Amino acid sequence: MTDVATKPDAEGASDPSSSTVATTTQEPSAPETTAQAPTVQWAPAEPAAKKTRKRLWLWIGVPVALVAAGAVAASLVLIAPGTSVAGIPVGLQTAGAATDAIDQRLAQTTLTLGDGGPTVTGADLGATVDAQALADSAFGDRPMWNLTQWFGEPIDAPITLDEEKATAALREALPSAYTEPTAATVAFNGTSFVVTPAVAGTGIDLDSITRQLHDAFASGAQASTVTVDETSVEPVADTAAAQKAADGANAMLANVGFYVGDERTVPVDAATAAGWLTVTSDASGAFTVTADPAKIQPSIDALAAAVNRPPVNGAVIVNSAGSELGIAAPGQDGRTLGDTSSVASDFAAQLAEGNSAFALPVTVTPATMVTLERLLEVNLSEQRMYIKENGVVLDSWYVSTGREGAETETGHYNIGWKTPSQTMTGIAPDSGKPYVQEDVLWAMYFNGDQAFHGVYWHSNWGNQMSAGCVGMPEFRAEQIYEWAPQGVDVWVHY
């Protein structure tokens, strides 16, 4: 007898559940065989339930792993739960989404200006926060993966208003809160430039509005009633700036004119120059000075008559040694005015820069200085004085020189000390007695105590009358006093 049994999990076996019958082929058994056929037993198969659990975990584990991986990835880009910026929940958002949320909420925040008053929005006021920086900071400080930062303190958001836009919106919403300021001005009063002071206006305090908008925004409120605080509104062109401009213009009036070198050859009076100038302020409040070339031109047209002149020669007093002793006649350079076609426009540009001294284009012809060698000559035998210049006698007259015993000494000298009046003392040569002569005028010493001077106590000219001096009428003494400076040559001879 042949037995064939197939194990359920053997290769080629059918499903164990269907393999419950064994096929047996029997041949005729021998009569003497009495033993029982052996019992066939199947090896136990793996339980079906175990195979089912393995597949179940395979199908459940993959999605769970994916969810876990997604959570880890999300924690790397999202802001921690419970985070708020200025009252706006931004937890579980990306930094970009948080930026949009912050900007949108601020723009939509509405302020009522006083109880029952008009309203303006954050957008109307040009309100801004650095939403991106705030969102980036929130994510940087509080990423989702950092559990210690979950549900942290709210993050403050400083707010800035666009001053120009906010003022326009508030002025339109509440015009009664505004009065216009008056700008300072500068004008000529006939003598000088003077300032009309600025007058402040009134308006709504933007700092107060900013604080109250911030408080409403930070609290998470989308609407809030605010107090309207008044503030002083200064004009752009203020009094200090106007005064500075007036001072500058007045400084120009003090020196305005047309110059040749350092000389103000053609002064311009203040009223005329002020008529050339206009002092105004611009949109920034800065004051500027402008000048009109057309108003300057008439003064240019009159320059030639005041500037042009021929040279005038001068004279220098010298002695025989060639030393310069003084100016007999000052020389004066000649000058001729040059091209003035651009002077008006050039001067206007210069005045706008604050410079009122215009250097004229002139050609200068230098004066010639001649030398005058002067000499006071006394001829004792003639008792006569000669005044000479470059060897030429200009004038002469009788004098009285020292009498016997006190003769005027001959020689070449120079004028020394001079005095217009003094009291003279000495010893009379004939009597030997001392004398005092008061109020002697125009004394000029040339040899010790011998001098030229005026005489009022006699008129005996041409005769020896003095104690050594050379006396003459007072008007003649004054004449040579003015004509002969210190250092002029003196020659006394017979």
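Before moving on, here are some points about what is shown:
- Within the option set Pro330, Pro298, Pro361, Pro311, being modelled with pLDDT of 95 or more, under 30 Å from Trp483 (Cβ atoms) and outside the structural domain of Ile480 (by TED's automatic domain parsing) holds for one residue only, Pro311.
- Summed over the stretch 292-322, the residues that are among the β-branched types (Val, Ile, Thr) and part of a strand (DSSP E or B) give a count of 4.
- Given (1) at pLDDT 95 or above; (2) part of a strand (DSSP E or B); (3) surrounded by 12 or more Cβ atoms within 10 Å (Cβ to Cβ), index of the condition Gly426 fails: (1)
- Only listed residue being over 30 Å from Thr265 (Cβ atoms) and either modelled with pLDDT of 95 or more or aromatic (Phe, Trp, Tyr) (or both), chosen from Ser342, Ser381: Ser381
- The lone exception for Gly405 - which of (1) touching a residue at least 12 places away in the same chain (Cβ under 8 Å); (2) part of a strand (DSSP E or B); (3) in contact with an Asp or Glu (Cβ under 8 Å, 6 or more places away or on another chain) it fails: (2)
- Identity of the residue in the stretch 448-461, crowded, with 17+ Cβ neighbours inside 10 Å and in contact (Cβ under 8 Å) with a residue 40 or more places away in the chain, that ends up nearest to the chain's Cα centre (by Cα): Phe452
- Helices (runs of 4 or more DSSP H) completely within the stretch 173-291 that count 2 or more residues being more than 21 Å from the chain's Cα centre (by Cα) and not assigned by TED's automatic domain parsing to the domain that holds Asp162: 239-255, 270-276
- The stretch 453-491, subset in a loop (DSSP other than H, G, I, E, B) and of a type in the set (Phe, Trp, Tyr), residue nearest to Leu376 (Cα to Cα): Trp461
- Sole exception among (1) touching a Ser or Thr at 6+ places or on another chain (Cβ under 6 Å); (2) surrounded by 14 or more Cβ atoms within 10 Å (Cβ to Cβ); (3) without any contact (Cβ under 8 Å) to a residue 60 or more places away in the chain for Gln464, by number: (3)
- Which listed residue is over 13 Å from Gly122 (Cβ atoms) and modelled with pLDDT under 90, from Asp207, Asp156: Asp156
- Taken over the stretch 381-402, the residue count meeting the criterion of being free of Cβ contacts under 8 Å to residues at least 24 places away in the same chain and among the small types (Gly, Ala, Ser) is 2.
- Qualifying residue in the stretch 203-222 (condition: without any contact (Cβ under 8 Å) to a residue 24 or more places away in the chain and not acidic (Asp, Glu)): yes
- Residue check: Glu382 meets all listed conditions (1) assigned by TED's automatic domain parsing to the domain that holds Ala246; (2) surrounded by fewer than 19 Cβ atoms within 10 Å (Cβ to Cβ) but one, namely (1).
- Test: residue in the stretch 368-375 that is surrounded by 13 or more Cβ atoms within 10 Å (Cβ to Cβ), farther than 30 Å from Gly411 by Cβ, in contact (Cβ under 8 Å) with a residue 40 or more places away in the chain and more than 36 Å from the chain's Cα centre (by Cα): yes
- Top-ranked residue in the stretch 213-227 [being in contact with a helix residue (DSSP H, G or I) (Cβ under 8 Å, 6 or more places away or on another chain) and buried (at least 17 other Cβ atoms within 10 Å of the Cβ); ranked as nearest to Thr128 (Cα to Cα)]: Phe217
- Residues within the stretch 360-396 that are assigned to a loop (DSSP other than H, G, I, E, B), among the polar types (S, T, N, Q) and closer than 24 Å to Pro311 by Cβ, tallied: 2
- Count - residues of the stretch 436-452 that are part of a loop (DSSP other than H, G, I, E, B) and closer than 23 Å to Ser323 by Cβ: 1
- Each residue in the stretch 227-255 was checked for being more than 28 Å from Asp207 (Cβ to Cβ) and of a type outside the set (S, T, N, Q), and 10 pass.
- Candidates Thr239, Thr210, filtered to the one that is surrounded by 15 or more Cβ atoms within 10 Å (Cβ to Cβ), among the hydroxyl-bearing types (Ser, Thr, Tyr) and under 25 Å from Glu353 (Cα atoms): Thr239
- Residues that are within 8 Å of Thr225 (Cβ to Cβ) and outside any strand (DSSP E or B) within the stretch 105-116 comprise Gly114, Asp115, listed in sequence order.
The values are calculated or read from the model by the stated rules, or taken from the named source; none is laboratory data. Note that the structure is predicted; figures quoted are calculated from it, not measured. Positions of Cβ are backbone-derived with ideal geometry, glycine not excepted, and every protein chain shown enters the neighbour counts.
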